[in-house]
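First up is the structure itself, then whatever we jot down about it.
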Amino acid sequence: MIDSLLLEFMIIGTLGIASQWMAWRFRLPAIVVMSIVGLLAGPVFGLFNPEEDFGDLFKPIISLAVAVILFEGSLNLDFKEVKGLGRPVFRIVTFGAFISWILGALAAHYVAGLSWAVAFVIGGLFIVTGPTVILPLLRQAKLKPRPAKILKWEGIIVDPIGALLAVFAFEIIVFIQGTDVNPSSLLMFFLASIFAVILGIACGKGVGWMFETGYVPEFLKSPVVFTVVIACFTIADEITHETGLLSVTAMGMTLANMHISSIADMRHFKENISLLLISTIFVMLTASLTQETLLEIFNFRTIAFVLLMLFIVRPLSIFTSTWGTDLSKSEKLLVGWIAPRGIVALTVASYFSSVLLDAGFEDASILISITFALVFTTVVAHGFTIGWLSKKLGLSVEGPPGVLISGGSAFSTGLAKTLEELKVPVLISDSSWERLSSARSRGVKSYHGEILSEQTEYYLDMTPYEYLIAATELDSYNALVCTTFVPEFGRNNSFQLSLSNREGDNLEDLVHTIGGRILFEEGASFEELNTMVENGYVFRKTNITEQYTYQKYLANIDDAALLLFIKKPTGKIDFFSHDIEPKAETGDVVVSLTPPSKEFERIQEKLEEHRHEKNKKQEQDKA
């Protein structure tokens, strides 16, 4: 065991982030990796037990972390996003949740062997999915917008509803038992829930008003939001347990729909905090399990209950609640299968396990075992199948990673057309129809609109694209586009054209602090690239083989040619940039912007002579 709490906390954080990196590196579900790492560190090898080591601080740490994670998720719940999906989303989070509660309670009683009281508490608890598990899976699977939005909204909204249903079931149980309780306790529960929603809305409106009127300086905005979220959660939770989750969700949704620019900027900071908390908290929870809890998971009744929840309760609740909506059969099948449980289920189960035991329900002792069995099974099953199933149902974005080009021009069109010929998804975005004319005339997919506009994310699906190229004539605009989209595409996949070096400009110092990586070699600016294309330079694709190696290719290439990118057989694209010069291997395709051939130059000269003679003759005729 580790004696130092500081050392233990450091190790937990390191294990959590290392799990995230390992999941990214080997394309595994992050939640699965974190769960396994936590189990190995805790009950398997006994390195530490955070619940015992942190003592009274353990539950407050978990609760506050869950509140921040849920708030960050609710910041993405803009009502504009569910345009056309409002009906199925509403039904799933209301009728679907109710059906899942009742069916889950029946399964817990008749299959898992729990008493009716404990069964109805656990039935309410198990309707939750949550952003801690849904959002990482959505990033991994590259789902199309419709099913992704449904799963995201359900996961965030149902989290507090599930916790409240569990509390409501417990209040009903205590009321029916008649132990020092009067009907006013139920009324107080409903009033506390309403108060939590009002408190969340008020906090959101208050923060938004202070930001809009300038009462909070820029450097204090993130700390202010963070503090208000904790206060909002704590006040509501002190009045009635678990209503704090409802309060922070209402606060986040309020801010999301006020459309304050500073909140949009802050969202990226919150996402980073949320990722760190998810990584840390999941390891803490799984490491706190005991070997006895793990052994109870293999009980026949527990296994049967988990299977029933996966294959009967969830699909039945989704198909029943979405009956008559415009969801396709494929969308219903996917949503009906994907329902991983996460941190909220584990934390609330831990709370109710002790509360129900104190109330005299001895069968509540297996509540944590059943909960972890469902959490781990759903995380593994859904984490490893969401990609495969979405592809089978045609609900994922297939194909190699695509390229989003901001800025229409002759060069952009030529580059996009070359990428299309290599079967790479590509899109050119511009707010000018005139600048998009060359792309439209050559059949290149385009989007007319301002890419920096808030409306763009509602009309433009960016899921297929993993690379961003800012290719307008304005260096400052290119830098702004790249800086804005770095959280989505990553610093390594965000590119902009070389700075124009106009007289009087002094932008080189900004390259390392804002914007994206500079494409191609020195001097390949917007003007230079488009001049090349207008002068007949061609986009040439060269296959690298064992006979024609990359070294031979470099030796034979024209000195005036410009290397653009290398396409790997896997679909990965390595762009040439100022700071990185990739190396091509056998099977790769190297794309360059190459000067026209001598024959082409002779034809161009003859055409130019013909135009000159024609103009001279026209002038003579006029004279």
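The values are calculated or read from the model by the stated rules, or taken from the named source; none is laboratory data. This structure is a prediction, so every number in the text was calculated from the model and none was measured. Ligands, DNA and RNA are stripped out before the accessible areas are found, and what is left, the full protein with its side chains, is counted by its heavy atoms. Shrake-Rupley method; radii C 1.70, N 1.55, O 1.52, S 1.80 Å.
Any chance you could run the full-extension gain for Leu554 through Leu480? It's 0.36 nm times the residue separation minus the Cα-Cα distance, nm to one decimal.
The Leu554-Leu480 span can extend by a further 23.2 nm.
Of the cross-linked pairs Lys80/Lys567; Lys152/Lys445; Lys142/Lys445, which ones have a Cα-Cα span greater than 32 Å in the structure shown?
Beyond 32 Å between Cα atoms: Lys80/Lys567.
Heavy-atom accessible area of Ser396 with all protein chains present, probe 1.4 Å, nearest 10 Å²?
10 Å²
Return the Cα extents of region 289-374 along principal axes one, two and three, sorted largest first, each rounded to a whole Å.
46, 25, 20
Can you quote the Å³ per residue value for the convex hull of the Cα atoms in region 298-347, rounded to an integer?
It is 92 Å³ per residue.
Stick to the Cα atoms of region 1-137, pair each with every other, and give me the Kirkwood hydrodynamic radius in Å at one decimal.
Result for region 1-137, one decimal place: 18.2 Å.
What residues have an amide H closer than 5 Å to that of Ile469, excluding those fewer than 5 places away on the same chain, when H is modeled at 1.01 Å from N in the peptide plane?
For Ile469, the qualifying residues are Leu404, Ile405, Ser406, Phe495.
If I compute Cα extents along the principal axes in Å from the structure I just sent, which labelled value in [x] 81, 59, 55; [y] 111, 58, 54; [z] 162, 58, 50 lines up?
[y]
Could you work out the relative contact order of region 1-113? I mean the mean sequence separation of Cα pairs under 8 Å and 6+ apart, divided by the number of residues, in percent.
About 16 percent, as a whole number.
Could you work out the relative contact order of region 188-258? I mean the mean sequence separation of Cα pairs under 8 Å and 6+ apart, divided by the number of residues, in percent.
Worked out over region 188-258, it gives 51 percent.
How much accessible area per residue does the chain have, in Å², with a 1.4 Å probe?
Averaged over the residues of the chain, the accessible area is 47 Å².
Please compute the Kirkwood hydrodynamic radius of region 354-472 from all pairs of different C-alpha atoms, in Å with one decimal.
So the Kirkwood estimate lands at 17.9 Å.
Divide by every residue of the chain the summed helix terms, -39500 (n - 2.57) for each DSSP H run of at least 4, and state the resulting mean residue ellipticity at 222 nm, rounded to the nearest 500 deg cm²/dmol.
Roughly -19500 deg cm²/dmol at 222 nm, from the helical runs in the chain.
Name the lysines eligible as straight-distance cross-link partners of Lys616: C-alpha to C-alpha under 22 Å, and not fewer than 8 places from it in the same chain.
Lys606
As an exercise, find the ratio Rg/Rh for region 100-248 from alpha-carbon atoms, using the Kirkwood inverse-distance average for Rh.
1.07
Could you sort His109, His259, His382 by their accessible area in this structure, using a 1.4 Å probe and putting the largest first?
Ranking His109, His259, His382 by accessible area, largest first, yields His259, His109, His382.
At 1.4 Å probe size, with the rest of the protein present, what percent of the exposed accessible area of region 353-398 is carbon and sulfur atoms?
Solvent-exposed carbon and sulfur of region 353-398 make up 61 percent of the total.
May I ask you to give the percent of accessible area on region 92-174 that is carbon plus sulfur, with a probe radius of 1.4 Å?
On the way: 1680 of 2240 Å².
Whole-percent figure for carbon plus sulfur exposure: 75.
What list of ³J(HN,Hα) values in whole Hz, one per residue of region 286-299 in order, does the Karplus curve 6.51 cos²θ - 1.76 cosθ + 1.60 (θ = phi - 60°) give from phi, with Gly and Pro shown as x?
Result, rounded to whole Hz: 5, 6, 7, 6, 9, 5, 5, 4, 5, 5, 5, 4, 7, 5.
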